[in-house]
Amino acid sequence: MSRRSSIIKFRAFPEESASIKEAAAAAGLTASDYVRRRCIGTDTQLVRRRTTMPEDVASLVRELAAIGNNVNQLARKANSGDGINGSTLDATLTEIIRLIQKISA
């Protein structure tokens, strides 16, 4: 894989530099990536960056994702006209409440 080896420098007012850096940070990009994408015309939408998080937070995120999956399945079933099993709904709501309490603690 080739690496970028060409360097382009340009001058900017401090306010312009701050604006570029702020826009880049909001998009989840470095200033270089942001300017490159804007100039070339590629997407500067929010980029997900992998961040490390404490294991307890990561565990909560996984639990929340699983609960979100359950809610999506319930919504899909309800929208299909099949109806929802009351015990399944109760179990999902109980899990949501448990997770909220865990986060609040």
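The values are calculated or read from the model by the stated rules, or taken from the named source; none is laboratory data. If you're wondering where the values come from, they're calculated on a predicted model, not measured in any experiment. Counting neighbours? That spans all protein chains shown, and the Cβs are built from the backbone with ideal geometry, glycine included.
Of all residues in the range 1-44, those satisfying the criterion of being small (Gly, Ala, Ser), in a loop (DSSP other than H, G, I, E, B) and surrounded by 10 or more Cβ atoms within 10 Å (Cβ to Cβ) are Ala12, Gly28.
The number of residues in the range 45-72 that are surrounded by 13 or more Cβ atoms within 10 Å (Cβ to Cβ) and either at pLDDT 80 or above or among the aliphatic types (A, V, I, L, M) (or both) comes to 6.
Restricting attention to the range 1-44, which residues are over 27 Å from the mean Cα position of the chain (by Cα) and at pLDDT 85 or above? Residues satisfying the conditions are Ser5, Ser6, Ile7, Ile8, Lys9, Phe10, Arg11, Ala12, Phe13, Pro14, Glu15, Glu16.
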